[in-house]
Amino acid sequence: MTWLPEAWNLIIPPAGRTGHLQKFHCSMNGWIYHLIGKERRPHRVAAIQWWRNTSDAIADRLKDGQTFCEVGVFRGANAGSVHFLRPNSPMILVDGWGEHEDTYTAGNDPHGGKPKAWHELNYAAAMRNTESVKDRTVHRGRSVEQAAKVADGSVDLVFLDADHTYKQVKADIEAWLPKVRPGGWLSGHDYNHNGPWKNKWGVAKAVHEVLDKPEVDAGSTWFWRVQ
């Protein structure tokens, strides 16, 4: 038996969402998926709408004990999921929680322009959802500035999920790529995003401009192996 983190109750699809997001609790999906066994990967259990998700894709490339870095933590649901799967992996968590570039508030992200109190609640939730991580380092501030605090070649997998505009994704890739050990992975979220911000975001364009032939996996997540 294991205690499930608060993330179980955090991610509930907003009213009005259609398709699979209307049918299941996004975070609950991930936790139950692992309880039914890895032999069901990579296909969903169609009758009950359980799906392989982003944390599965990350865990497939991260051995337990290897260092994971998430840039853009929000409430810590994904980091908590990765910890559930790789309980001995050190974590570096990077997020501005209210401090970000101007591009983030120019109508490019649903989290942009929120009041300080809202960001503080998200920060507190992220700390609770990752409090069981034995080796946790938290850097609060802008992505590129915080990258300078992380030693080159010290991380096995970096996951970028911060400002999704072309300019900032490219800057994040260039800042965080040197932090990955040879053989490790640089990755990110929303590669194939089709939501209301698809025309304002530039994830795929930035990825292809800097990196060559990334892998695309569950949860619209891209991965690039560092040679």
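The values are calculated or read from the model by the stated rules, or taken from the named source; none is laboratory data. Just so you know, these numbers come straight off a predicted model, no measurement behind them. Because the Cβ atoms are built from the backbone with ideal geometry, glycine has one as well, and the counts that use them run over all protein chains shown.
Quick notes on this one:
- Matching residues in the range 173-198 - criterion: being more than 17 Å from the chain's Cα centre (by Cα), surrounded by 15 or more Cβ atoms within 10 Å (Cβ to Cβ) and modelled with pLDDT under 95: W197
- Some residue of the range 177-184 being closer than 21 Å to Y104 by Cβ and among the β-branched types (V, I, T): no
- Any chance G112 is farther than 20 Å from I173 by Cβ, surrounded by fewer than 17 Cβ atoms within 10 Å (Cβ to Cβ), at pLDDT below 95 and not hydroxyl-bearing (S, T, Y): yes
Every residue, every condition in (1) modelled with pLDDT of 95 or more; (2) of a type in the set (S, T, N, Q), yes or no:
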| residue | (1), (2) |
| --- | --- |
| G98 | no, no |
| T103 | no, yes |
| G107 | no, no |
| E131 | no, no |
| A147 | yes, no |
| S154 | yes, yes |
| L157 | yes, no |
| T165 | no, yes |
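- Hey, L157 loosely packed, with under 15 Cβ neighbours inside 10 Å and touching a Lys or Arg at 6+ places or on another chain (Cβ under 9 Å) or not: no
- Candidates K170, K114 - the one that is farther than 20 Å from F68 by Cβ and in contact with a helix residue (DSSP H, G or I) (Cβ under 6 Å, 6 or more places away or on another chain): K170
- Residue selected from the range 70-91 under the condition more than 9 Å from the chain's Cα centre (by Cα) and not in a loop (DSSP other than H, G, I, E, B), by the criterion nearest to L177 (Cα to Cα): M91
- Hey, D56 among the charged types (D, E, K, R), modelled with pLDDT of 50 or more and surrounded by 13 or more Cβ atoms within 10 Å (Cβ to Cβ) or not: yes
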